[in-house]
1. So F32 passes all but one of these: (1) closer than 20 Å to R255 by Cβ; (2) open to solvent by 10 Å² or more (accessible area, probe 1.4 Å). Which condition number does it fail?
2. Just for region 123-143: of the residues that are assigned to a strand (DSSP E or B) and of a type in the set (K, R), which one is farthest from T100 (Cα to Cα)?
3. Considering only region 178-219, state which residues are closer than 16 Å to R132 by Cβ and exposed (fewer than 14 other Cβ atoms within 10 Å of the Cβ).
4. Among the listed residues G62, G101, identify the single one that is in a strand (DSSP E or B), open to solvent by less than 10 Å² (accessible area, probe 1.4 Å) and touching a residue at least 24 places away in the same chain (Cβ under 8 Å).
5. Every residue in region 37-49 that is closer than 19 Å to L102 by Cα and over 11 Å from the mean Cα position of the chain (by Cα), please.
6. For P244, indicate whether it is at pLDDT below 90 and more than 17 Å from S63 (Cα to Cα).
7. Exactly one of these conditions fails for T175: (1) surrounded by 17 or more Cβ atoms within 10 Å (Cβ to Cβ); (2) at pLDDT 75 or above; (3) at negative phi; (4) of a type outside the set (A, V, I, L, M). Give me its number.
Amino acid sequence: MGLTLVTAMRSVTGPHRSSNQDSVGASEEYVFVTDGVGGHAGGDVASWTVTHRLMSLLAPTGSRDLSTEELQGVLAQANAEIGQRARREPALTGMSTTFTGLFCTHDAARVAHIGDSRAYLVRDGEGRRVTRDDSLVQMLVDQGAIGADEAYGHPRRNVILRSLAGSLEDGDNITMLEVATTPGDRWLLASDGLTDYVPEAEVLALLAEAAGPEEAADALVAAAEAADAGDNITVAVSDVVDGPTPDVGTERSYRYLGAAADPGQPGVGDLGGGAAQA
């Protein structure tokens, strides 16, 4: 069967926001986080649109046997749904979302990334960030205008340079990484409601020290809340296992949370081979 994921997901509005613009989706083969871009119309709509469309596209076959090019094509179709929705409803013009996803193959993983949500990997107790932010602050660091130590807490840290906004060129801006992964690895995908407020060293320590994904997810959300996070907080912690996951077996299962789970927001498409659960 190949590599599979045991995933714990959390998505909370946080103490300073009136709505949740984040979404997170997962099956035993993949997990991803989307974050509606703040300050733009319909960030929550962009977030849940990509979530539902992507999951409906992957439902018939899963993601494990897709080539990199095929996976990029599926992501492009999910992105196109944003543009179609905005054309139908002009008030949503300008909506967009970040996307960071982990997709298992039979013996490795692909990471797809655009925006400033992040992916981290912990192996044998040692952790590292896998993705690079598509943000103004990261660009300033790369140019030497500010030091890496100045990036955390920078007043312009919420300005992103790339996102999924429904345009054809968005697909070309998605970073696709092939990453070696093995049973025993632990992955974290998170929106900036965690990483803008909890130092990276603390994030990695909490991720590595937790007994399992559920404990890690709870600890990370608690740390962001203790730091008085000013944004929605979304985390997905996935342990890599070999073969069927204990709670899923060989049947596909689909879950989503956050904006995507709002019962007032209809899904896009039919998830088909599995029942989506909030």
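1. Single failed check for F32: (2).
2. Within region 123-143, the subset assigned to a strand (DSSP E or B) is 123, 126-129, 135.
Imposing the further condition that a residue be of a type in the set (K, R) reduces the set to 123, 128-129.
On the way: R123: 20, R128: 16, R129: 12 Å.
Selected residue: R123.
3. Scanning region 178-219 gives a single hit, E178.
4. None of the other options fit; the residue is G101.
5. Passing the criteria: W48, T49.
6. Values: at pLDDT below 90: yes; more than 17 Å from S63 (Cα to Cα): no.
No, not satisfied.
7. Condition (1) is where T175 drops out.
Per-residue answers, yes or no, for (1) buried (at least 23 other Cβ atoms within 10 Å of the Cβ); (2) in contact with a Gly (Cβ under 6 Å, 6 or more places away or on another chain); (3) farther than 20 Å from A260 by Cα:
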| site | (1), (2), (3) |
| --- | --- |
| S67 | no, no, yes |
| A76 | no, yes, no |
| Q84 | no, no, no |
| R88 | no, no, no |
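The values are calculated or read from the model by the stated rules, or taken from the named source; none is laboratory data. Quick caveat, the model's predicted, so the values are computed rather than measured. Reconstructed Cβ throughout: ideal geometry from the backbone, glycine too, with neighbour counts over all protein chains shown. The protein model used for the area step is the full one, side chains on, heavy atoms only, and it has no ligands, DNA or RNA in it. Shrake-Rupley method; radii C 1.70, N 1.55, O 1.52, S 1.80 Å.
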